[in-house]
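Please treat every number below as a calculation from the coordinates, not as lab data. Because the structure is a prediction, the values reported are computed rather than measured. Cβ sites come from the backbone with ideal geometry, for glycine too, and all protein chains shown count toward neighbours.
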Amino acid sequence: MRATFRLVEVEDVVRIPPSELGKPIREAAMEQVRAKYENIVNEELGYVILVLDVDVDPVGKILHGDGSTYHRATFKLLTFYPEVQEVIEGEVVEVTDFGAFVRLGPEDALLHVSQIMDDFIDYDEKHGILIGKETQRKLGKGDPVRARIIAVSFPRGGMGGKIGITVRQPFLGKLEWIEEDVKKASGEAKEQIQNAP
């Protein structure tokens, strides 16, 4: 599994308003960068979680009619950048009749019922679980899952975003199911070896 968290170095011009000019320049720049970048989502950066460090040029510029100073700054961002085909682990945080939401980093991904298993699935609203009709496998809140990202859309406005995942592939799904499948496959392999001529 690849890591979807990245440290990204960004350069930008930071506007420090007159009300902040009495503070140390680094502190004032950090506040402005955090206000502009933290919690945004875009295609280039992904989900920006945190501004880690700011290196700001102490010499700035003043524009006519604006009491603010403008400084070149370089800063590091901790981002979450999901990629299509990436395998990732998360936890089920909500179950509905149409699927489950799985927490992946700072975002919840949709695991649609059609992407859970090769079985008819019933939704038990009372217990908040999805149950395979033949397999009797259950998926509920708090269950750890391994999934493949099949769709990522970044919003144009800078907030939100959508991630779609699947567990309908070998060695994906609720971690308990994966262990069961591995044991079953190991047992079948041993049986084939013992029955070989």
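Neighbour counts of C-beta atoms inside 10 Å place Thr74, Thr4 in the sequence Thr74, Thr4, starting with the fewest. Couplings 3J(HN,Hα) of segment 143-151, computed from phi: 6, x, 9, 10, 9, 10, 6, 10, 7 Hz, in residue order, whole Hz [Karplus 6.51 cos²θ - 1.76 cosθ + 1.60, θ = phi - 60°; x for Gly and Pro].
Can you work out the FRET efficiency for the pair Lys36 and Glu94, with r the C-beta to C-beta distance and R0 = 25 Å, to the nearest 0.05? Mind dumping the intermediate values first?
Details: r = 31 Å, r/R0 = 1.23.
Once the sixth-power term is evaluated, E becomes 0.20.
Within straight-line reach of Lys183, meaning a Cα separation under 13 Å, sit the following aspartates and glutamates at least 8 residues removed in sequence or on another chain: Glu191. Estimated at 0.36 nm per residue, the fully extended path between Ser153 and Arg6 surpasses their Cα-Cα distance by 51.1 nm. Computed about the Cα centre, the dipole magnitude for the chain is approximately 220 debye when only Lys and Arg (+1) and Asp and Glu (-1) carry charge, each at its Cβ.
Under 5 Å from the amide H of Ile40 lie the amide H atoms of Val48, each residue being 5 or more positions distant or on a separate chain, with H modelled from the backbone and absent for Pro and chain starts.
Counting beta carbons within 10 Å around each of Thr135, Thr69, Thr166, Thr79 and listing the fewest first gives the order Thr135, Thr166, Thr69, Thr79. Charged neighbours of Ile121, selected by a Cβ distance under 15 Å, balance to -3 (K, R count +1; D, E count -1).
So what is the 222 nm mean residue ellipticity for the chain from helices alone, if each DSSP H run of at least 4 adds -39500 (n - 2.57) and you divide by all residues, rounding to the nearest 500 deg cm²/dmol? Mind dumping the intermediate values first?
Values: 2 runs with 33 residues, N = 197.
Computed mean residue ellipticity for the chain: -5500 deg cm²/dmol.
Counting beta carbons within 10 Å around each of Leu63, Leu78, Leu21, Leu139 and listing the fewest first gives the order Leu63, Leu21, Leu78, Leu139. Could you let me know the centre-to-centre spacing of segment 87-137 and segment 1-37, using Cα atoms, in angstrom? Between the Cα centre of segment 87-137 and that of segment 1-37, the gap is 38 Å.
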